[in-house]
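As structure tokens, the structure follows; a few thoughts come after it.
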Amino acid sequence: MIRLENVTKTFGTGASALIDVTVAIEKGEFVFLVGPSGSGKTTFLRLLIRDMLPSKGTIIVGDWDLTKLPNSKIPHLRKRIGVVFQDLKLLTDRTILENIILPLEMTNIDSKTALKKVEDILSQAGILEHKDKFPVQLSGGELQRVAIARALVFSPEILLADEPTGNLDATTSWEIVKLLQDINALGTTVIMATHNTDIVNNLLKRVVTLSKGSLLKDEKPRPKADQPLAEKSHHEKKESSEKAEQKTEK
């Protein structure tokens, strides 16, 4: 579904954000994109929505070669790719419902259908009760859920999340990741850029690591990919305890 072939992105200053990166992501995968600040994660995501063009290489999304995609087709591409931006980009003078319904209002969809769709998405994201509030009235975790809900408004095939847990506490971070896992389980390809090593290390997902613009590692998921290590550890402890009890009884 997504393929980068020998992609390099060099800016006018001469600095390279990505250097000869080749990676393929299949439909339905959940991929962590990791690396220190300045490693190229955000550039990687921006290239996928044609927010910029690579200096060299080829980028394929579905049937489209993004290096050859006419500007008139970019809106169609962006309906297929939902984005949760690092700075959220929510409109502070509009309610949560108004923020999410805005992209639909720019299409030919009728208002009743649009409202039903948005309420369904808000329910999926667990924030339907906040639909008439303004962004300033919500917590950081709730605002992330709003941003995710807005990214889902066109039922995208791909969801890009740029540091969605960056400013959240550990409990709220796990809630956001659980929401992204639920979205992935419905068939959406998810690429999550993150610095959160606790989440990456405890979820058995594919991890693509960038370092100074280069692809450092591409680690495929291990068995039981949807089971966090913490849960696995608990399960194994329970089995060991049961076995010990059985030996005692004998």
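The values are calculated or read from the model by the stated rules, or taken from the named source; none is laboratory data. These figures come from a predicted structure and were not determined experimentally. Here Cβ is always computed from backbone atoms with ideal geometry, including for glycine, and neighbour counts include all displayed protein chains.
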Take the residues in the range 201-220 that are modelled with pLDDT of 95 or more and of a type in the set (A, V, I, L, M, F, W, C); name whichever of them is farthest from E157 (Cα to Cα). L216
Return the pair list, or none, for Cβ contacts closer than 8 Å from residues in the range 15-27 that are touching a residue at least 40 places away in the same chain (Cβ under 8 Å) to residues that are surrounded by fewer than 13 Cβ atoms within 10 Å (Cβ to Cβ) and aromatic (F, W, Y), at least 6 apart or on different chains. A17/F11
For the range 208-222, pairs from a residue that is without any contact (Cβ under 8 Å) to a residue 12 or more places away in the chain to a residue that is among the hydroxyl-bearing types (S, T, Y), with Cβ under 7 Å and 6 or more apart or across chains, are K217/T209
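Considering each of T95, T172, T165, T113 in turn, give the residue that is of a type outside the set (A, V, I, L, M, F, W, C) and free of Cβ contacts under 8 Å to residues at least 24 places away in the same chain.
On inspection, the qualifying residue turns out to be T113.
Select from the range 54-69 the residues that are out of contact with any strand residue (DSSP E or B) (no Cβ under 7 Å at 6 or more places or on another chain) and charged (D, E, K, R) and write down the one among them that is surrounded by the most Cβ atoms within 10 Å (Cβ to Cβ).
Across the range 54-69, the extreme among qualifying residues is K68.
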Counting only residues that are over 17 Å from V83 (Cβ atoms) and of a type in the set (A, V, I, L, M, F, W, C), how many does the range 37-53 have? 1
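Would it be correct to say that V190 is surrounded by fewer than 20 Cβ atoms within 10 Å (Cβ to Cβ) and in contact (Cβ under 8 Å) with a residue 12 or more places away in the chain? Explain how you work it out, then say what you get.
Working: surrounded by fewer than 20 Cβ atoms within 10 Å (Cβ to Cβ): no; in contact (Cβ under 8 Å) with a residue 12 or more places away in the chain: yes.
Answer is no for this residue.
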I want to confirm something. Restricting to the range 16-53 and keeping residues that are surrounded by fewer than 16 Cβ atoms within 10 Å (Cβ to Cβ) and in contact with a Gly (Cβ under 9 Å, 6 or more places away or on another chain), which single residue is modelled with the lowest pLDDT? G38
Scanning the range 164-216 residue by residue, the ones that are touching a Leu at 6+ places or on another chain (Cβ under 9 Å) and assigned to a strand (DSSP E or B) total 13
Among the residues of the range 41-55, are any in contact (Cβ under 8 Å) with a residue 24 or more places away in the chain and under 14 Å from T209 (Cβ atoms)? yes
The one condition M52 fails out of (1) outside any strand (DSSP E or B); (2) within 30 Å of D132 (Cβ to Cβ); (3) not acidic (D, E) is (2)
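Scanning the range 129-166 for residues that are among the aliphatic types (A, V, I, L, M) and surrounded by fewer than 18 Cβ atoms within 10 Å (Cβ to Cβ), which turns out nearest to E29 (Cα to Cα)? Before the answer, list the steps.
From the range 129-166, those among the aliphatic types (A, V, I, L, M) are 136, 138, 143, 146-149, 151-153, 158-161; that's our starting set.
From the residues that got through so far, the ones that are surrounded by fewer than 18 Cβ atoms within 10 Å (Cβ to Cβ) too are 136, 138.
Working: V136: 34, L138: 31 Å.
If we take residues in the range 129-166 being among the aliphatic types (A, V, I, L, M) and surrounded by fewer than 18 Cβ atoms within 10 Å (Cβ to Cβ), then L138 is nearest to E29 (Cα to Cα).
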Filtering the range 111-125 down to residues that are surrounded by fewer than 17 Cβ atoms within 10 Å (Cβ to Cβ), under 21 Å from the mean Cα position of the chain (by Cα) and of a type in the set (G, A, S) yields S123
